[in-house]
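Trainee: I'd like to ask you about the structure that follows.
The values are calculated or read from the model by the stated rules, or taken from the named source; none is laboratory data. Keep in mind that this is a model prediction, so the values were computed, not measured. Cβ sites come from the backbone with ideal geometry, for glycine too, and all protein chains shown count toward neighbours.
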Amino acid sequence: MVTRRRVLGTGLAATGVGLTGGSLLPVLHAAAQPAERPAAGPAAAAVPRFATAMPRVPVLKPDSTMGGVDLYTVTMRTASKEILPGLRTELRTFNGQFPGPTIKARRGRPVVVRQINSLDVDTSVHLHGGELPPEYDGAPMDTLAPGGRRLCVYPNTQAHASLWYHDHAHHLESENVYRGLHGSYLLTDEAEEALPLPKGEYDVVIGIRDAHFDTGTGQLVYQMGDRARNTLLVNGAPYPYFQVAARSYRLRLANHSNMRFVELRLADDGDMVQIGSDGGLLERPHTTKSVHLSSGERVDVVIDFSRYPVGTQIVLKNTGYGPVEEIGEVLRFDVVRTASDASSVPSVLRTLPRLPAPTAERAIVLRMDEDGRPDPQGYMDEKVYDPGRVDARVRFGASEIWTVTNANKLVPHNFHMHLVQFRVLERNGAAPGPAEQGLKDTVVLMPGDTVRLQATFDRYQGEYVYHCHMLDHSAMGMMATMKIV
Ligand code: C2O
Ligand code: CU
Ligand code: CU
């Protein structure tokens, strides 16, 4: 029987409840049906909770900083690591690390990465959210063959943002990312540095992703559209604890999963102050009890742990998709000490440039087969991705409104554009909520949703892709090319 498993497999689908934008919860809970788990699925529920410390991902050291340029070497190679207790997992890594090392960059200071591919598969390292010339973007066809090496230049001309880098090789990206080729790239600038936000050890990346382990061998199982990726890893560790001081932290939440969406909240329903999204800080902080992240999205929050007495433990819950006994908890914050705190969250974080008058409009439709056929394909404007085709011609300097619709009834998607940080103008005819009012490069589209966004193409000319960032979907064809001329 293909039908139901297949449909669900292809996209975290719901059970057919009518969904409208903003009403994420029905799909989240509808998807949480134990009957949909394969009988032979791993006992993710048996992975010990809060047994290991959350790793802090090491920051990569440059080989050289001469001439105002930071030069790094990043080697793609296999490595094995103990992720589940007592078992070793083979991974595709950047520099043998899982997740890949964090690269810290500063606006106005270029980064050059010497890439070496020591894997036996092609790679193409893309800097997600980066404003880059096309030759350094990490396009699907711009692959580095096994044994190959090259230099990649990131000019870092855009404003601060919590970016990430990951593989993008055509038809391989989904598996490559799943097997470990992802890391953070934190770009800062003077405006961000001048703010009194938590810094240094109190500014922490929390990269969340899911995985499906063979519990016998500890190996990662990869199948397109797999719905049994029900072990959550945080900075590479399953369900860790994170020892914090009773003070404010800036937590850079990132969803590095191929397909999983998460909705995060503190177990006591405590407040989080969202200060940033994909493209850096919001104009104004906003207080919330939950954070929704589709695959590829980032949200920065400040949590003030001084409201908890030392000794308190607070679980960060995921009320998103999937069986709650497996993915309902993400990590546990353990408040273990006091600490002084001179940080604060200003009421104005930045001023975003005013949107120019739009010069063009276009409509984009995302859809994938959801009728249960054996090899579902994904479509952008009813076309499967063809790297040899230009799907959208954009005039250099244009500021365009794109109306993007998810035409599926069951399957959620999201929409990511290379090269630009865009602004969400409308979601289903209404103004976007506060979480979506900053600069975005990836935006969620639940079934039936329409989002209007505006992007300005005044930085580089050339070809770039846009796609659904559920990587299994983009690998199924839900990707297209725009050419800026
Ligand atoms: Cu994060 Cu085209 O990708
Ligand atoms: Cu990208
Ligand atoms: Cu999709």
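Trainee: Say we look at segment 133-158 and pick out the residues that are more than 22 Å from the chain's Cα centre (by Cα) and small (G, A, S); which of these is nearest to K104 (Cα to Cα)?
Mentor: If we take residues in segment 133-158 being more than 22 Å from the chain's Cα centre (by Cα) and small (G, A, S), then G148 is nearest to K104 (Cα to Cα).
Trainee: Same structure, new question: Do we have V204 as of a type in the set (V, I, T) and touching a Lys or Arg at 6+ places or on another chain (Cβ under 7 Å) here? If you could, list the steps in order and put the result at the bottom.
Mentor: Values: of a type in the set (V, I, T): yes; touching a Lys or Arg at 6+ places or on another chain (Cβ under 7 Å): yes.
Judged against the criteria, V204 is a match.
Trainee: Among (1) buried (at least 21 other Cβ atoms within 10 Å of the Cβ); (2) touching a residue at least 60 places away in the same chain (Cβ under 8 Å); (3) within 27 Å of P353 (Cβ to Cβ); (4) more than 12 Å from ligand 1 (Cβ to nearest atom), where does H416 come up short?
Mentor: That leaves (4) as the condition not met.
Trainee: Does segment 147-157 contain at least one residue that is touching an Asp or Glu at 6+ places or on another chain (Cβ under 8 Å) and crowded, with 23+ Cβ neighbours inside 10 Å?
Mentor: No, the conditions are met nowhere in segment 147-157.
Trainee: Taking segment 385-414 only, how many residues are polar (S, T, N, Q), in contact with a Gly (Cβ under 9 Å, 6 or more places away or on another chain) and more than 16 Å from ligand 2 (Cβ to nearest atom)?
Mentor: So the count comes out to 3.
Trainee: Inspect segment 409-425 for any residue being modelled with pLDDT of 95 or more, more than 16 Å from ligand 3 (Cβ to nearest atom) and farther than 25 Å from R350 by Cβ and give the result as yes or no.
Mentor: no
Trainee: Quick check on my filter: what residues within segment 452-485 are among the aliphatic types (A, V, I, L, M) and closer than 30 Å to P374 by Cβ?
Mentor: V465, M470, L471, A475, M476, M478, M479, A480
Trainee: Looking at V348, V365 in this structure, which one is away from ligand 1 (no atom under 16 Å from the Cβ) and either touching a helix residue (DSSP H, G or I) at 6+ places or on another chain (Cβ under 8 Å) or over 30 Å from T287 (Cα atoms) (or both)?
Mentor: Going through V348, V365 in turn, just one is away from ligand 1 (no atom under 16 Å from the Cβ) and either touching a helix residue (DSSP H, G or I) at 6+ places or on another chain (Cβ under 8 Å) or over 30 Å from T287 (Cα atoms) (or both): V365.
Trainee: Considering only residues of segment 420-443 that are more than 16 Å from ligand 1 (Cβ to nearest atom) and among the polar types (S, T, N, Q), which is nearest to R209 (Cα to Cα)?
Mentor: Filtering segment 420-443 for residues more than 16 Å from ligand 1 (Cβ to nearest atom) gives 423-438.
Subsequent filtering for residues that are among the polar types (S, T, N, Q) retains 428, 437.
Details: N428: 28, Q437: 25 Å.
Here the answer is Q437.
Trainee: Still on this model: For segment 398-428, which residues satisfy the criterion of being under 15 Å from E297 (Cβ atoms) and touching a helix residue (DSSP H, G or I) at 6+ places or on another chain (Cβ under 8 Å)?
Mentor: P412, H413, V424, R427, listed by residue number.
Trainee: Among the residues of segment 351-368, is there at least one that is at pLDDT 95 or above, in a loop (DSSP other than H, G, I, E, B) and among the charged types (D, E, K, R)? Lay out the reasoning, then the answer.
Mentor: First, the residues of segment 351-368 that are at pLDDT 95 or above: 351-352, 355-368.
Next, from what is left, pick out any that are in a loop (DSSP other than H, G, I, E, B): 351-352, 355-359.
Next cut, among the charged types (D, E, K, R) only: none.
So far as segment 351-368 goes, no, none of its residues is at pLDDT 95 or above, in a loop (DSSP other than H, G, I, E, B) and among the charged types (D, E, K, R).
Trainee: Just give me the residues in segment 444-480 being within 13 Å of ligand 1 (Cβ to nearest atom) and either part of a loop (DSSP other than H, G, I, E, B) or in the same structural domain as E173 (by TED's automatic domain parsing) (or both), in sequence order.
Mentor: C468, H469, M470, M478
Quick grid of which residues meet (1) touching a residue at least 12 places away in the same chain (Cβ under 8 Å); (2) in the same structural domain as L253 (by TED's automatic domain parsing); (3) β-branched (V, I, T):
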residue	(1), (2), (3)
K289	yes, yes, no
G296	yes, yes, no
V299	yes, yes, yes
Y308	yes, yes, no
G311	yes, yes, no
G320	yes, yes, no
S343	yes, no, no
P346	yes, no, no
R350	yes, no, no
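Trainee: Between T10, T3, T93, T102, which is at pLDDT below 95 and surrounded by 20 or more Cβ atoms within 10 Å (Cβ to Cβ)?
Mentor: T10
Trainee: Would you mind stating whether A169 is among the small types (G, A, S), within 16 Å of ligand 1 (Cβ to nearest atom) and touching a residue at least 60 places away in the same chain (Cβ under 8 Å)? Reasoning before the result, please.
Mentor: On the way: among the small types (G, A, S): yes; within 16 Å of ligand 1 (Cβ to nearest atom): yes; touching a residue at least 60 places away in the same chain (Cβ under 8 Å): no.
So A169 does not fit the description; no.
Trainee: Just one of the numbered conditions (1) within 23 Å of A357 (Cα to Cα); (2) surrounded by 19 or more Cβ atoms within 10 Å (Cβ to Cβ) is not true of N428; which one?
Mentor: Going through (1) within 23 Å of A357 (Cα to Cα); (2) surrounded by 19 or more Cβ atoms within 10 Å (Cβ to Cβ) one by one, N428 breaks only (2).
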